[in-house]
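A quick write-up on the structure given underneath.
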Amino acid sequence: MKLGIVGLPNVGKSTLFNAITNSRSAQAANYAFCTIEPNVGAVPVPDPRLDALAEMYRPKKVTPAKIEFVDIAGLVKGASKGEGLGNKFLSHIREVDAIVHVVRCFADPDVMHVEDTLDPIRDIEIINAELMLADLETAERRVEKAKKDAKGDKRALADAELFDRIRLALQKETPLRAMDFTDEERQKVRGSGFLTDKPVIYAANMDEEQLKDGNAMFAAVKEYADREGSQTLPICARTEEELAGMSAEDKLLFLQDMGLSASGLDRLISASYTLLGLISFLTAGTDEVRAWTIKNGTKAPQAAGKIHSDFERGFIRAEVVAFDELMACGSMTAARDKGLVRSEGKDYVMRDGDVTLFRFNV
């Protein structure tokens, strides 16, 4: 899973990236376009179930699932026409699974704003407009190509109608993620490089003292996101930067003092899983305890294929126990004795927290 962090220049993108990836690879400075090439960082997905399984199995290693964050250059008006670093920005955003759109919701006279004034909704609409303009060009090219191919080809004619519908929606400032598609249409859309089809989390970058209760700017962003069907996350990039350098104990005390139950990173990862429809299944043994990320609705053979293609190709069955049931029993042996370890076949749909052993033969 790869999340692209986007936003106008100087809204806190690179500060947030450095904090959540616990690095200093992205330059954060008080001028536009200090980020040019995208920075990429992999972050382990917090999962306390791994710690519990590690206590049970005492494995040689514990491997959490990982999520990649990409810090993408700031966007300005005219990016769809190549202004600023627009062409680079748009090409990099095509490569991510979802967008974390950082929106400035804090006032600080010492931090310049590329638009001179503070208005989070205007800022959101600048980026969304540029993405829609880029998508409009893509849709127009696809319509033209489909019409050329449509002579005697019913499939191409259907494509022309699909992309023309998209073109008309974009002209009315409707992003693709707000449109309804059939499963077949959705596959075509996803293979066409559209930007506004990607799901979005609006990360409202706020002052630390306003983080718990929010402010008027955050409320405006949430209202905008709700209308669009997107998620909103209050976050403080500077606080996340402080948390990144703390021990687990100090971090917990810091969050408790602020009245928060989880860090912004943990909440962002949780929101990302929900946004992309992801779950984790677990494997456990004395060699390794590990979490694996899959799409919700994935069947057992395809989940096995995440581990190795041979597991999917030679799949026989999956031996599965729910994490909570395993913990209640205290051991896999006890879970088997109670009949809680199930033998599941090719049609089994994996569930979040399934502790699984795959049987295969190739």
Item to check | Cα pair distances of the stretch 183-256 binned at 5 Å [whole percent] | outcome: 3, 14, 17, 15, 14, 12, 10, 8, 6, 2
Checklist entry - Taking Rh as the Kirkwood radius, which is the inverse of the mean 1/r over Cα pairs, what is the Rg/Rh value for the stretch 278-333? => result 0.97
Item to check | Candidates per GluC sites (Glu not before Pro) in the stretch 105-182, loop by DSSP, up to 16 other Cβ within 10 Å | outcome: E115, E173
Next on the checklist: Debye calculation, C-alpha points only, no solvent: report log10 I(q)/I(0) for the stretch 266-362 at q = 0.15, 0.17 Å⁻¹, in the same order as the q values.
Outcome noted: -0.60, -0.76
Checklist outcome for this item: Listed residues K222, K60, K188; largest mean-square fluctuation, Gaussian network over the chain with Cα springs below 10 Å, found at K60
Checklist entry - Calculated from DSSP H runs of 4 or more alone, at -39500 (n - 2.57) each and per residue, what is the 222 nm mean residue ellipticity of the chain, nearest 500? => result -13000 deg cm²/dmol
Next on the checklist: Suppose every Lys and Arg Cβ carries +1 and every Asp and Glu Cβ carries -1, with no other charges. What dipole size does the stretch 156-269 come out with about its Cα centre, to the nearest 20 debye?
Outcome noted: 440 debye
Checklist entry - In the P(r) worked out for the stretch 267-308, what percent of Cα pairs fall beyond 11 Å? => result 67 percent
Next on the checklist: Relative contact order for the chain: what percent, with Cα pairs under 8 Å and sequence separation of 6 or more?
Outcome noted: 18 percent
Item to check | Two-decimal Rg to Rh for the stretch 102-240 - Kirkwood Rh, Cα set | outcome: 1.11
Checklist entry - What are the ³J(HN,Hα) values, in whole Hz, obtained from phi via the Karplus relation 6.51 cos²θ - 1.76 cosθ + 1.60 with θ = phi - 60°, for each residue of the stretch 117-126 in sequence order, with x given for Gly and Pro? => result 10, 9, 7, x, 5, 4, 4, 4, 5, 4
Checklist outcome for this item: By the C-alpha gyration tensor axes a ≥ b ≥ c (rounded if a/c is under 1.5, else prolate when a/b exceeds b/c, else oblate), the shape of the chain is oblate
Checklist entry - How large is Rg/Rh for the stretch 313-362, to two decimals, with Cα atoms and a Kirkwood Rh? => result 1.00
Item to check | Å³ per residue enclosed by the Cα convex hull of the stretch 158-207 | outcome: 89 Å³
Item to check | Accessible area of the stretch 189-316 belonging to carbon and sulfur atoms, whole % at 1.4 Å probe | outcome: 47 percent
Item to check | Average accessible area per residue (Å²) across the chain - probe 1.4 Å, nucleic acids and ligands excluded | outcome: 49 Å²
Checklist entry - Per the 1.4 Å probe, what fraction of the accessible area of the stretch 99-174, in percent, lies on carbon and sulfur atoms? => result 50 percent
Next on the checklist: For the pair A107/K188, report the inter-label distance in nm, with labels modelled 7 Å from Cα in the Cβ direction.
Outcome noted: 5.1 nm
Checklist outcome for this item: Between Y202 and residues 5 or more places away or on another chain, the pairs with built amide H atoms under 5 Å apart involve H101, Q231, T232, L233
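The values are calculated or read from the model by the stated rules, or taken from the named source; none is laboratory data. Every value quoted in this text rests on a predicted model; they were computed, and no experiment measured them. Please note: Cβ atoms are built from the backbone with ideal geometry, for glycine as well, and neighbour counts cover all protein chains shown. We work out accessible area using only protein heavy atoms, side chains counted, and drop any ligands, DNA or RNA first. Shrake-Rupley method; radii C 1.70, N 1.55, O 1.52, S 1.80 Å.
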